[in-house]
Amino acid sequence: MPGGKIAINRGLLVQLEDESELAAVLGHEIVHAAARHGARAEETDTLLGIGLAVLGIATANSAYQDLAMRGAQISGTLIRTRYGREAELQSDYYGMQYMARAGYDPQGAVRLQESFVELSRGGRQDWLSGLFASHPPSQERVDVYRLTAQKLGPGADGRDEYQRHIARLKRDQPAYEAYDNGVAAMNAGRYGEALRYSEQALALQEREGLFHELRGVASARLDRPAEAINSFNRAIAANPNFYRPYLFRGMLHLARGNLDIAGQDLEASNRLLPTADATFALGEIAERQGDARTALRHYEAVAGSRSPLAAAARERIARLQGDITTP
């Protein structure tokens, strides 16, 4: 991700077998970040356009019709860069040096690449397909890994420790599968089905904030605002450092005309992760409260981004500037 941040998703964690394989992933990605492979290919904006339109809380023919949730996926936007062959081989080589120096068995990198080659033959269409698009596995890479591992010598694999730490993820896998099905139903507009899947996931694991969040979005889309806000409250209680439930709750309060409460939620969301959606909504709140200059500041931040809201922000700026200069 931009700035050298490395995110590891749940699907990868349960696919790995031990700490040495995790170390291989981290070493590889550290080299990509240190060598700025992705930064050279992708410049990013200050504001993140998170992409939430299909999960819009706004309900047709209801009080939530004007709620502004835009984009494509519940998970937001991650940067996906297709690395070239040279960048991949460089990251392979130095990543194995890093893991070996940290005391891990470089054979873990060999096993990891072998498993990726095998999985890529299945024509998978899940998250692995995105991983393979940016990090294409090949037998050539496996052969190079083996030669490098032989030169580096043995190390620890950390299997017992790793399996102990991911035991809960494996145990909760059925709950996450229900959640994934709920997200798919939400994106397809089947809101009642999404709600049922969220409740199924929560029955298996009630501590996961994402499950409460999905129930909140589905409830709001079904015109059940009280239930939606309660679900967002529980999502925030489960994970107070995640921006998105604050954003969803703030947008719902905004649609109901609770401007001060909405502003607090949207500011909290932006403190955790600045987004165009929250910033644009803060501009709307300031505008409705008669504070044109604050509204302009928020709209200008969005107008300078590559968010789908940029054009709308520029229109608001032109109108507000006209109002300010009119005697």
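The values are calculated or read from the model by the stated rules, or taken from the named source; none is laboratory data. This one's a predicted model, so the numbers in the text were calculated from it and none came from an experiment. So basically every Cβ, Gly included, is an ideal-geometry build from the backbone, and we count neighbours across all protein chains shown.
Here are a few things to note about the model shown:
- Sole exception among (1) under 19 Å from the mean Cα position of the chain (by Cα); (2) at pLDDT 95 or above for Ala295, by number: (1)
- Output for segment 175-202, where each listed residue is exposed (fewer than 15 other Cβ atoms within 10 Å of the Cβ) and hydrophobic (A, V, I, L, M, F, W, C): Ala184, Ala188
- Selection within segment 16-44 - at pLDDT below 90 and either part of a loop (DSSP other than H, G, I, E, B) or among the polar types (S, T, N, Q) (or both): Ala35, Arg36, Glu42, Glu43, Thr44
- Qualifying residue in segment 239-246 (condition: within 30 Å of Phe211 (Cα to Cα), without any contact (Cβ under 8 Å) to a residue 24 or more places away in the chain and not in a helix (DSSP H, G or I)): yes
- When Ser305 is tested against (1) more than 19 Å from the chain's Cα centre (by Cα); (2) over 24 Å from Asn187 (Cα atoms), just one condition goes unmet, and that condition is (1).
- Counted residues, segment 157-207 - those being more than 21 Å from the chain's Cα centre (by Cα), touching a residue at least 12 places away in the same chain (Cβ under 8 Å) and not in a helix (DSSP H, G or I): 2
- When residues in segment 270-327 are screened for being touching a helix residue (DSSP H, G or I) at 6+ places or on another chain (Cβ under 6 Å) and either in contact (Cβ under 8 Å) with a residue 24 or more places away in the chain or more than 23 Å from His253 (Cα to Cα) (or both), 27 of them pass.
- Some residue of segment 222-230 being hydrophobic (A, V, I, L, M, F, W, C), assigned to a loop (DSSP other than H, G, I, E, B), assigned by TED's automatic domain parsing to the domain that holds Leu195 and closer than 18 Å to Ser198 by Cβ: yes
- Of all residue pairs spaced 6 or more apart or on separate chains, those with beta-carbon atoms under 7 Å, a first member in segment 81-107 that is at pLDDT below 90 and a second member that is basic (Lys, Arg) are Asp92/Arg141.
- Being over 20 Å from the mean Cα position of the chain (by Cα) and at pLDDT below 95 holds for only one residue in Gly283, Gly257, and it is Gly257.
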